[in-house]
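Coordinate-derived values only; no laboratory data. Here the structure is a predicted model, which is why all the values come from computation and not from measurement. Positions of Cβ are generated from backbone atoms using ideal geometry, with glycine treated the same way; all protein chains shown enter the neighbour counts.
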Amino acid sequence: MLMLILSACDRNNGKAVTSLTYSASLSDVPESTTFQQSTESTLSDDGVDAYVIFADEKTTINGNGVTFENNILTITQGGIYRLAGTLTDGKIYINSPDENKKVKLLLSGVSVSCSGDAPIYIENSPDETVLILEEGSVNSFSDTAREIPADSTDYATAAIYSKDDLQIEGSGTLNVNGNFGKGIFSKNDIDIHGGIININAADDGIRGKESVEIEGGTLNIVCGGDGIRTNEETDIEKGYINISSGTVNIESKLDGIQATSDVVIAAGVLSVKSGGGATGAYDGTYESFAPFGGGRHPESSIYSDNETDAASTKGIKADESITVSGGSIYVDSLDDSIHSPIVTVGGGDLRLKSDDDGIHADELVTVTDGQLAVTQSYEGVEGRNIDIIGGTLVVNSSDDGFNAASSDSSGADAANFMNFSLLNFRGNPGGMTDYDSSCNIDVSGGTVIIIAQGDGVDSNGSVTMTGGRMIVYGPTNGGNGALDYGGSFTVSGGTLLAAGSAGMAQSVTGDGVEVLNFYADGTENTVYAVTDNSRNCILAFTSVKRFESVVLASDRISQNESYSFFSGGSVSDYTENIYGICFDGVHSGGTLEAALS
């Protein structure tokens with residue numbers, strides 16, 4: 001009689017990993033499993049080529065293409081193999097030459113531990129190996145910490161180790177304890193379609209040399225290396241990581257996600273905590289706009305991008321580009337939350353918390369859509385060029401909110417400290433002596449809110465605003481300004497409000513847009529409004545901090561009109577209120593602080 005597995009018990013391995021521990025005891029593996037019998041007709045009806053019930057030396061096999069000897073299950077041809085039971089200090093070894101037939105392991109409640117090798121070792125499976133997690137099943141694979149073989153350059157570095165493509169699907173649970181090194185590794189591609197996958201690894205959680213694609217399922221990864229990584233460096237079409245669905249939770253000692261080419265996130269939920277997370281004070285809500293501290297952490301890799309000098313603890317990192325078009329992304333990182341030469345955000349909900357940059361791009365940051373909140377950072381968004389076309393951005397920073405800079409123009413801020421001009425009423429901007437024309441910030445749409453303790457908007461080149469809305473709460477100290485640029489800041493459309501200290505203040509140049517510059521003794525948590533003579537609001541806001549000077553440039557300001565600046569009072573009949581900022585409505589009450597003409 002053949003044995004059809006209808007149930008398999010795993011008393012201890014069904015829990016998701018929740019802490020940074022890198023070892024597992026073999027006692028966690030269940031000692032026995034019970035099964036129910038079925039009829040012989042099941043073998044042909046479900047297409048299974050062989051049934052294997054692990055019970056150490058009492059292991060039973062029914063079918064073809066598989067042998068069992070010395071606690072090693074060897075699979076030598078493509079086919080479907082249903083596995084269940086417990087194998088203590090053994091392994092599953094796949095060496096199939098079939099180029100047109102996959103090896104499919106139907107995991108139906110199986111626990112395998114191995115003290116000297118990978119519990120699953122795929123030597124050869126050219127048409128891909130598929131791990132199918134049967135519904136309701138709990139499956140566990142654990143290796144042990146051990147010395148690297150002194151006489152070998154070819155050894156398994158993961159609990160699930162493959163030299164060919166690997167795919168995981170189904171709706172059951174897979175627990176992987178990579179106590180020697182990685183959790184899951186493939187020298188080719190890894191494709192995950194489903195299941196609940198819990199990985200606890202001393203090194204990387206998942207590494208696919210050529211690619212990792214996540215198209216479904218739930219992954220919980222706790223690891224001492226990178227959470228998910230690729231490392232292909234010769235094939236320009238490989239080395240990518242794609243997430244198009246599913247839920248991914250990562251707690252990594254090093255980078256959360258690292259790709260040698262591109263990272264693409266289209267949908268799903270991604271939560272990353274890397275390097276222990278940001279260490280500064282944080283009140284848990286990005287809506288509060290509390291000014292965050294933190295600065296640069298002395299143990300983070302921001303002092304050197306050379307990983308031989310310092311460990312990299314970034315949230316999401318790619319050597320070529322990072323593209324986000326959808327999904328919900330939460331990153332809490334010691335180093336940059338998102339880091340790549342080119343970063344594009346075209347949708348989704350991103351919430352980033354970092355001891356360094358929220359987003360860092362050596363070349364270009366582009367935002368066209370989506371919701372982006374940097375709740376804590378040293379610099380919020382940094383890149384040689386920053387292009388805001390759409391979306392809503394809320395940026396909190398202990399230094400610059402936006403910073404357009406390159407590696408060879410870092411001296412501009414120091415030069416600007418010695419060369420600036422104060423505001424006059426409809427005055428001209430000040431300037432920096434150090435200018436880098438390759439560094440620019442362009443705002444043509446969207447809504448940007450910046451709360452910065454350093455410069456609010458800092459460009460070593462120029463700033464151009466042709467549309468959108470940008471509200472800048474700059475520094476309270478006189479050593480920085482709400483606006484800081486080396487070339488020009490030209491506004492030809494949209495609405496800009498910059499409120500900050502007066503000591504280093506710069507204004508902007510209006511190109512067909514009127515600019516109002518004035519001093520005011522502003523206090524936090526107070527309503528302020530700029531209105532026309534009928535008390536219609538050009539803009540009203542509840543300030544989140546003190547300020548001394550204000551720059552307001554808007555295509556809603558008319559040259560021949562006179563305007564007033566009020567403190568206190570209330571705003572009614574508005575159509576839009578974004579985080580306490582109204583771009584229309586009627587103001588009433590309050591105190592007249594300044595008449596603007």
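Remark: spin-label model distance residue 72-residue 466 equals 6.6 nm, labels positioned 7 Å along the Cα→Cβ axis. A simple rule links phi to the HN-Hα coupling: the Karplus curve 6.51 cos²θ - 1.76 cosθ + 1.60 with θ = phi - 60°, which for the range 392-402 gives 10, 10, 10, 10, 10, 8, 7, 10, 6, x, 10 Hz, with x for Gly and Pro.
How much FRET efficiency would the formula 1/(1 + (r/R0)^6) give for residue 584 and residue 546, where r is the Cβ-Cβ distance and R0 is 35 Å, rounded to 0.05? Provide the component values of the computation, followed by the final result.
On the way: r = 26 Å, r/R0 = 0.74.
The pair residue 584/residue 546 has a calculated efficiency of 0.85.
Between residue 123 and residue 89, the FRET efficiency from the beta-carbon distance, with R0 = 30 Å, is close to 0.95. The label-point distance for residue 477 and residue 328, in a model that sets each label 7 Å from Cα toward Cβ, rounds to 3.8 nm. Extension gain, residue 364 to residue 524, is 54.2 nm, computed as 0.36 nm per intervening residue step minus the present C-alpha separation.
For residue 311 and residue 561, the FRET efficiency from 1/(1 + (r/R0)^6), where r spans their Cβ atoms and R0 equals 60 Å, is about 0.55. For residue 572 and residue 320, the difference between the fully extended length at 0.36 nm per residue and the C-alpha to C-alpha distance is 85.9 nm. Note that the range 504-516 has calculated 3J(HN,Hα) couplings of 10, 5, 10, 9, 9, 9, x, 10, x, 10, 7, 10, 10 Hz, one per residue in order, obtained from phi through the Karplus relation 6.51 cos²θ - 1.76 cosθ + 1.60 (θ = phi - 60°); glycine and proline are x.
What is the range 97-140 by shape, rounded, prolate or oblate, if you read a ≥ b ≥ c off the alpha carbon gyration tensor as root eigenvalues and call it rounded for a/c under 1.5, prolate for a/b larger than b/c, and oblate otherwise?
Working: a/c = 4.49, a/b = 1.27, b/c = 3.54.
Oblate, since a/c reaches 1.5 and b/c is not below a/b.
Separation of the alpha carbons by more than 18 angstrom is noted, of 209/353; 187/238; 273/317; 182/253, for 209/353. For the range 112-165, the equivalent ellipsoid derived from the alpha-carbon gyration tensor has semi-axes of 23, 17, 5 Å in decreasing order. The residues neighbouring residue 104, those whose beta-carbon lies less than 11 Å from its own, together hold a net charge of -1 under the Lys/Arg +1, Asp/Glu -1 convention. Taken over the alpha carbons of the range 318-402 as equal point scatterers, the Debye sum produces base-10 log I(q)/I(0) values at 0.18, 0.19, 0.24 Å⁻¹ of -0.63, -0.71, -1.20. Note on residue 511 and residue 597: the model spin-label points, each 7 Å out from Cα along the C-beta direction, lie 3.1 nm apart. Using 0.36 nm per residue and subtracting the Cα-Cα separation, the extra length available between residue 150 and residue 267 on full extension is 37.7 nm.
With +1 assigned to the C-beta of every Lys and Arg and -1 to the C-beta of every Asp and Glu, and no other charges, what is the dipole magnitude of the range 441-597 about the Cα centre in debye, to the nearest 20?
It works out to roughly 180 debye.
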